[in-house]
Amino acid sequence: MRNEGIGSWPGRRARKTPHRTALIHQQQTFSYADLHQRTNRLAHALRAAGVRRGDRVAYLGPNHPSFLETLFATGLLGAVFVPLNTRLAAPEIGYQLADSGARTLIHDPSLYDPTDNGGGSQGDGGASPAEVSPAVKHRIELGDPYEQVLAAAPDNPIDEPVGPDDICMIMYTSGTTGRAKGAMLTHGNLTWNAINVLIDQDITADEVALVSAPLFHTAGLNMITLPVLLKGGTCVLVGAFDPAGTLDLIERHRITFMFGVPAMFDQIARQARWAEADLSSVRQLTCGGAPVPTPLIATYQSRGLNFQQGYGMTEAAPGTLFLAAEHAVSKAGSAGVPHFFTDVRVTGPDLSPVAVGEPGEIVVRGPNVMPGYWGLPEETAAAFADGWFRSGDIARVDEDGFVTIVDRLKDMIISGGENVYPAEVEDVLLGHPAIVECAVIGVPDEKWGEVPRAVVVAQEGSRLDPDEVIAFLSGRLAKYKIPKSVVVAETLPRTASGKLLKSRVRARFGAGPQSGTTERNPS
């Protein structure tokens, strides 16, 4: 094969294990031979629609075999896959389509209605043709239209030359300046990340992985699905996470491996039949997005299960640090040590390693690290220093080399495993006609780990109602980004030069409920 990229994986697997089960979705089962054939058919259909090398093909939909078929088909053509977060509001989806220049969109019909000029149902806000159509010239709806497109296309193999350095995917990650940035992930980035997972997590060919974390996120796709498919295992795709249903699926399919964020695992353990559920097939539980609380570790240990934890970022495809299950208790709170083929340092401002126990910035280098951000050369240059990607996260290293995240230089909030960047939320809040200043901070939440809280200052002569502020954000931001509480303050603490003192905002407004707040579920 001339194709050395991700698109060749179904074909390479089909010639080794054609009859093994690759995907299970609801009542459907797809062998590797099926996946290979369907991927070829879709690639032919996309080529007939004008998709060529380097063109961007976007996908908007929940976990479904067609997501992976689209990824592999674009890879067969040397095109670029753009997965879209179904939880984003319409303007956010529209921005990513326009920014990526995707002219082809494969989508769930419930998430985009081309006849709705008023903004129909899409994620957390409707996407109208006015927002989507300027970029998109060709659409394929999932369901019968998608299957008809595949049935009408030939299935003979496509073998375009695709190399490890070619861009495979643009995966958007929320930026600190109010706009999402597209991380360009190459075929080599994704392959080396999968190899890291295979080495560090001992993935086996008889793995049966439950994929309920969204595929449009880097962890759900790159830390579980692609490594399992590379090894020849089976992925059970679930459109939406359901804690009670998870226990059923584990029993029905004899699940061996699953990934989730702490909030997901906590909800599973709170189910009435948790203590009696048959979990004997489970070998690996990987948790990311936030440290696993010690009580949750103990709850799973009582069922004979240990967590593997990690730290990553979209820009590293995403594996950076990994904590094996054997250290889940002894190194609780740590993010672990670097993946096998990834190098990580905790450094000072000059990139020299800091002393044991001293705080410093995490920088990462390796074949899994992206070459840069799509269309943003200045931001790309600023993100790298001497070949190291600067994460913006602060950590300490202990005497054994284990890294613990202690702060977020970028003020990122992790709510239920979703990254929320205050600058993005603040940018939208300042569009409110009565808000003159604002600051968004993270506050503890029993269910989600932490949630955003907005501290706002009204323009002179204006009054702010917390409920109305949240209503203003609805449809402008994904629900998980919308603050769960709003505090109306007279002033915000600043330095003499006018710089906002986030530490003082947290100290003053970050503990406990505040008068003048309104509570909302962030998801």
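Structural remarks
- Top-ranked residue in the stretch 345-374 [being out of contact with any Phe, Trp or Tyr (no Cβ under 9 Å at 6 or more places or on another chain) and touching a residue at least 60 places away in the same chain (Cβ under 8 Å); ranked as surrounded by the most Cβ atoms within 10 Å (Cβ to Cβ)]: Tyr373
- Just one of the listed residues (Thr342, Thr320) is closer than 18 Å to Met171 by Cα, among the polar types (S, T, N, Q), under 21 Å from the mean Cα position of the chain (by Cα) and buried (at least 20 other Cβ atoms within 10 Å of the Cβ), namely Thr320.
- The C-beta contact set for the stretch 156-183 (first residue closer than 16 Å to Ala98 by Cα, second residue at pLDDT 95 or above and among the acidic types (Asp, Glu), distance under 6 angstrom, 6+ apart or interchain) comprises Ala183/Glu315.
- Gln284 being in contact (Cβ under 8 Å) with a residue 12 or more places away in the chain, in contact with a Phe, Trp or Tyr (Cβ under 7 Å, 6 or more places away or on another chain), buried (at least 20 other Cβ atoms within 10 Å of the Cβ) and on the phi < 0 side of the Ramachandran plot: yes
- In the stretch 56-99, the residues that are hydroxyl-bearing (Ser, Thr, Tyr), in a helix (DSSP H, G or I) and modelled with pLDDT of 95 or more: Ser66, Thr70, Thr74
- Leu464 meets the conditions (1) under 23 Å from Ser503 (Cα atoms); (2) of a type in the set (A, V, I, L, M); (3) in a loop (DSSP other than H, G, I, E, B) in every case but one. The failed one is (1).
- Among residues of the stretch 293-333, those that are under 30 Å from Val82 (Cβ atoms) and in contact (Cβ under 8 Å) with a residue 40 or more places away in the chain, counted: 14
- Just one of (1) part of a loop (DSSP other than H, G, I, E, B); (2) at pLDDT below 95 fails for Met370. It is (2).
The values are calculated or read from the model by the stated rules, or taken from the named source; none is laboratory data. Bear in mind the structure is a predicted one, so any value in this text is a computation, not a measurement. Using ideal geometry, Cβ is built from the backbone for each residue, glycine included, and neighbour counts are taken over all protein chains shown.
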